Ligand code: G16
């Protein structure tokens, strides 16, 4: 017999969701009523969960299991009909999105702080996804935030251990809990979209790959799909065991944090293909032997070759990219004669375009790529897309990139991150640049002349909503750009992101180091923003 309790509570300040849900230090989430207040506010903000079916899972980081128990006890106490939960409370973000859609659920809770470090001293996070399987829209998140400011009581079932270790169907009060294998449905979806015979053939021919799961949630997915189903040799997946602290690593798939993979790929005897995914499995990094593929180029290559892949054989309805993402995909869209949408940073902005059938592929410079198969970015999906293209076309990653640039030109691109900067200094820097926007056009910085300067605002073409303050952008004659924005996912001070892009049409200059190719754009950004003086940093913490 389950007992339900109503407990008085007080609003807790600062529960404002960022780019992707609420992210805080794990210890903050473990504080008195912190998690409970936020979950209750989700229920209150979405009009309750009475009679609803939800999906629940997380990336396995420290506090994942305990938090999942709290969510289940609070869903039951508020009258939810059913929760479908991954075994051991694990689900990658794209797998959760798929499950919400496949089962026609009303939404889902994903316990993850994505690529942020985990463990008792790391970060924890809670995301709420809507019935379309995607991150809840800005307006829903605003209602949830409003609810955090007035929450006064918590409804929760009495503490108990709800075993999530075996596939089973349980009840908690009147609520059904269905425990599912986290991998099965997702693997079946991948099998529908990609030519698994061609990819197996590639592995049989001796093609060597390394996939770095970074001790995060994609380990079991990658082992099942790459090694068991597609026949890649055992050991193809490295760091495949999910650990609560990600092996003390930073589960962010980029050249800095996936260093072990990076070093292997940059050696003469490296594997043919390398890839990595993040904490919750929605990001990806693609790298060939001595050939790094920037996320923006990856999106462009996928778009240009999409019809080689069974799930996309009929062509693309349109593509979308976040504003700071390079314009390489725009060139492909122009050639294909399809629309290309420019949205603010945050996967939630793609949802309407995907639902309305205006875009098939979406991507972000922050190592996110995906399509209308789910409503989240999808790390392993991108890896399989590349494998499928390579299996059909033959050749190496470097050759594929060279051929792409030869056809479309190259958009050199690099993002510089300054992490944990003093928040007042970071805001001061943004204000300083904002103050110059009106006077920048016409000014020259070395050989570069500013043509446009503004603060990006997005008018959603589907629902007409407007999102302002989405990044400062400065455009130079010839197509180069600098974009500056503050991250909405960090938990320490402020993270300044400076994005640089330059268009190169001269084939003799397609193989430069991006930092060298972008040197004049980087210098102009420094002159305009005074980054070193204002952040007190000599160099970025992370360059991607
Ligand atoms: C989240 C969002 C992405 C966004 C990224 C970086 O990714 O889902 O859409 O591009 O954060 O955001 P910011 O620049 O504000 O830090 P993830 O993988 O962390 O969920």
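Where a number appears in this text, it was derived from the coordinates with a stated rule and is not lab data. Since we're looking at a predicted model, the values are computed, not measured. For neighbour counting, all protein chains shown are included, and Cβ atoms are generated from backbone atoms with ideal geometry for every residue, glycine included.
So the values come out like this:
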| item | result |
| --- | --- |
| Exposure proxy order (Cβ contacts within 10 Å, fewest to most) of 384, 170, 472 | 170, 472, 384 |
| Debye intensity ratio in log₁₀ form over the Cα atoms of the range 120-251, taken at each q of 0.16 Å⁻¹ | -1.15 |
| Relative contact order of the chain, defined on C-alpha pairs under 8 angstrom at six or more residues apart (%) | 13 |
| Kirkwood Rh (inverse of mean 1/r, distinct Cα pairs), the range 310-366, angstrom | 11.4 |
| Cα gyration tensor category, rounded, prolate or oblate, for the range 440-544 with a/c compared to 1.5 | oblate |
| Likely footprinting exposure, 371, 92, fewest C-beta neighbours within 10 Å first | 371, 92 |
| Calculated diffusion of the range 177-290, Stokes-Einstein form, Kirkwood radius summed over Cα pairs, 25 °C and 0.890 mPa s, µm²/s | 169 |
| Residues 62, 33, 115 arranged by fewest to most Cβ contacts within 10 Å | 33, 62, 115 |
| Helix axis angle, 423-434 relative to the chain longest principal axis, alpha carbon, degrees | 50 |
| Distance (nanometres) between label positions extended 7 Å along Cα→Cβ at residue 27 and residue 192 | 4.6 |
| The range 229-297, Rg to Rh (Cα coordinates; Rh as Kirkwood inverse mean 1/r) | 0.95 |
| Sorted largest first, extent of the chain alpha carbons per principal axis (Å) | 74, 58, 41 |
| For q = 0.16, 0.17 Å⁻¹, Debye-computed log10 I/I(0) when each Cα of the range 85-196 counts as one equal scatterer | -0.99, -1.10 |
| The range 1-60: Rg to Rh, with Rh as the Kirkwood radius over Cα pairs | 0.97 |
| On Cα atoms only, tilt of 295-305 relative to the major axis of the chain in degrees | 80 |
| log₁₀ of I(q)/I(0) at q = 0.27 Å⁻¹ - the range 182-242, Debye sum with one point per alpha carbon | -1.15 |
| Antiparallel bridges, percent of DSSP beta bridges restricted to the chain (to nearest 5) | 70 |
| Principal-axis tilt of helix 138-148 within the chain, Cα atoms, nearest 10 degrees | 40 |
| FRET E, pair residue 138, residue 356, Förster distance 25 Å, beta-carbon r, rounded to 0.05 | 0.90 |
| Added length on full extension, which subtracts the Cα-Cα distance from 0.36 nm per residue, residue 200 to residue 290 | 30.0 nm |
| FRET efficiency estimate (nearest 0.05) - Cβ-Cβ, residue 150 to residue 463, R0 25 angstrom | 0.45 |
| Alpha-carbon centroids, the range 108-124 and the range 480-544: separation in whole Å | 27 |
| Additional length obtainable on full extension of the chain from residue 307 to residue 399, 0.36 nm per residue less Cα span | 31.2 nm |
| Tensor-based shape of the range 254-293 (alpha-carbon gyration tensor, a/c under 1.5 rounded, otherwise prolate or oblate) | prolate |
| Where labels lie 7 Å past Cα in the beta-carbon direction, separation of residue 174 and residue 454 in nm | 5.3 |
| Separation between Cα centres of the range 303-371 and the range 174-237, rounded to whole Å | 24 |
| FRET E, pair residue 513, residue 537, Förster distance 22 Å, beta-carbon r, rounded to 0.05 | 0.55 |
| Hydrodynamic radius (Kirkwood) for the range 261-401, which is based on Cα pairs only, to one decimal in Å | 15.0 |
| The range 352-443 - Kirkwood radius from inverse mean 1/r over Cα pairs (Å) | 17.5 |
